[in-house]
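Asks: Below is one structure. I have some questions about it.
Rule-based calculations on the coordinates, nothing more; no lab input. A quick note: this is a predicted structure, and the numbers were derived from the prediction, not measured. Every residue, glycine as well, gets a Cβ built from its backbone with ideal geometry; the counts of neighbours run over all protein chains shown.
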Amino acid sequence: MKHSLTAMAVLIASALASAQMPASGGGLLTRHYRDGETLTYHMTATNEDRHYTADTSGTAKKTASGSFVEEFHWTGSTLNGQPITLTPAIAQFVQILSLDPNSPPSMPDLSKADPRMIGPITDLMTFYVDLWLINKIGILQHPGDHFLVPSPQIGSWADGTQVLVGRSQIDFDLNLQSIDTAKHTAAVVVHHVPPSHPNLQLPADWMQAPVADTANNWVQVKKTKGGKYKAEVGKETFDVTIIVSTEDGRILSATMDNPVVQIGRVCEDAELTQCGIAQPHTIQRHIEIVLAQ
C-alpha cells in the first residue's frame, strides 16, 4: 500500500526530471537550504490497532552538483507505548530526502532497514515527495490553485511468496489550500485519488464490481495457512496536508489519512472462483509529523 504509493511518486518525480522541466525559481514554497542545518521530526501513527511513534533527524548537505539533500537518521521508536529496541542496522541506515527541485527523489534500499521502520521511512518520504512534486511543477502560487498529475503506472508490493498479488493505481491532485501571512505559513493538500478509469488487472470477475463510490483501484491476494487464499479488493486513497514555512520552505507539520475501503473473501483455489462470503472491512491509517522546535 504505502510502499507502492511512494514508488509511484518517485516514478512521477523521475518522469518530471527526465522531461527537464525548469526548476521552480523562488516560488512561495521554495526550500531555502542552509548547509549543515538540522531538522528533527516526531512522528505519531495509528494503523488499525497499532499505535506507534518514531523520531528522526536530518542534516542538510550541499552536493557536488550544487543541489541540496537532507540525510536522515532514525533515532527511536515506540509500539503501543513500549520502546522498541532497533536493530544495529538502523543506526547505519541513511535516508536521503530533498525538497530541492534539482534533486529528484529515489527509493531507499529498504532491505538494509529495520523491518519495523519501513512504515515510518516510506511515510516520511511520501510527505517529502508530495511537496517536492509541488515545488518541481512550480505553478501553485495562489490559494485555490491545483494541478492533477496522473499516475504513470500501477504500483506493486507483491513479493511472490506470501503476497501473490498486490497492486494499486493512484493519481496525484496537488492543491495550494491557504496562505497565512501573519504566521508565514502555507497549507498544501495532496489528494491521492483513484483514476477515473483505472488500468488495474483484477484476477477474478467478482472483483470488478465497485466496492465504494469509484472503480476499484486496490487489490491484494495473500496465501494463508492451510493452503487457502485471502483475496481483497477495493478503493484506496491518501489525503496529505502539509504546513510549509513561507520563509524557508521547511515542512513544519504534516498529516496523512490513508483509508482502504475493501471487501475480502477466503478462497479455496488460486483462481479465486471457490470463495466464501465477502466480508467488508476498512483499513485506516493516520500519520502525523511535527518539526521539533
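Asks: Is the shape of segment 181-283 rounded, prolate or oblate, going by the alpha carbon gyration tensor and its root eigenvalues a ≥ b ≥ c, with a/c under 1.5 for rounded and a/b larger than b/c for prolate?
Replies: Details: a/c = 3.90, a/b = 2.80, b/c = 1.39.
Prolate shape, in that a/c is at least 1.5 and a/b is the bigger ratio.
Asks: Considering only the other residues whose Cβ falls under 12 Å of the Cβ of I263, what net charge follows from Lys and Arg at +1 and Asp and Glu at -1? Write out the running numbers ahead of the final one.
Replies: Values: positive: K230, K235, R265; negative: E232.
Residues near I263 contribute +2 overall.
Asks: Continuing with this model, one more query. Hey, which of these cross-link pairs are over 29 Å Cα-Cα: K62/K136; K136/K183; K183/K235; K112/K223; K61/K235; K61/K112?
Replies: Over 29 Å Cα-Cα: K183/K235; K61/K235.
Asks: Order the peptides 215-226, 234-245, 124-135 from the highest to the lowest mean number of other Cβ atoms within 10 Å of their residues. The partial results should precede the final answer.
Replies: Details: 215-226: 18.0, 234-245: 21.4, 124-135: 24.2.
Order by mean packing, descending: 124-135, 234-245, 215-226.
Asks: Another question about this same structure. Compute for segment 61-150: radius of gyration divided by Kirkwood radius, i.e. Rg/Rh, restricted to C-alpha atoms, rounded to two decimals. Don't skip to the end; give the middle numbers.
Replies: Values: Rg = 15.9 Å, Rh = 15.1 Å.
Radius of gyration over Kirkwood radius for segment 61-150 works out to 1.06.
Asks: Full extension from D49 to K223: what is 0.36 nm times the residue separation minus their Cα-Cα distance, to one decimal in nm? Numbers along the way, then the final one.
Replies: Details: separation 174, 0.36 × 174 = 62.64 nm, distance 2.24 nm.
Going from the current span to full extension adds 60.4 nm.
Asks: Send over the per residue convex hull volume for segment 2-291, Cα only, as a whole number of Å³.
Replies: Cα-based convex hull of segment 2-291, divided per residue, equals 144 Å³.
Asks: Between D109 and D269, what length in nm is gained on full extension when 0.36 nm per residue of separation is reduced by their alpha carbon distance? The partial results should precede the final answer.
Replies: On the way: separation 160, 0.36 × 160 = 57.60 nm, distance 3.44 nm.
Gain on extension, D109 to D269, equals 54.2 nm.
Asks: Further question on the same structure: If R0 is 45 Å, what FRET efficiency do you get for K230 and L148 from their C-beta distance, rounded to 0.05? Intermediate values should be presented prior to the final figure.
Replies: On the way: r = 34 Å, r/R0 = 0.75.
The calculated FRET efficiency here is 0.85.
Asks: Taking the simple approach of a point 7 Å from Cα along Cα-to-Cβ for both D180 and N80, what is their distance in nm?
Replies: For the pair D180/N80, the computed spacing is 3.6 nm.
Asks: Just the number, please: Stokes-Einstein D of segment 110-234 in µm²/s, Kirkwood Rh from C-alpha pairs, 10 °C, 1.306 mPa s.
Replies: Values: Rh = 17.2 Å.
Taking Rh from Cα pairs, D becomes 93 µm²/s.
Asks: As an exercise, use a Förster radius of 41 Å and the Cβ-Cβ distance of H197 and D35 to find the FRET efficiency, rounded to the nearest 0.05.
Replies: Efficiency computed from Cβ-Cβ geometry: 0.35.
Asks: What percentage of all Cα-Cα pairs in segment 221-269 are separated by more than 17 Å? Write down the numbers at each step before the final one.
Replies: Numbers: 689 of 1176 pairs.
Counting pairs separated by more than 17 Å, the tail of P(r) holds 59 percent.
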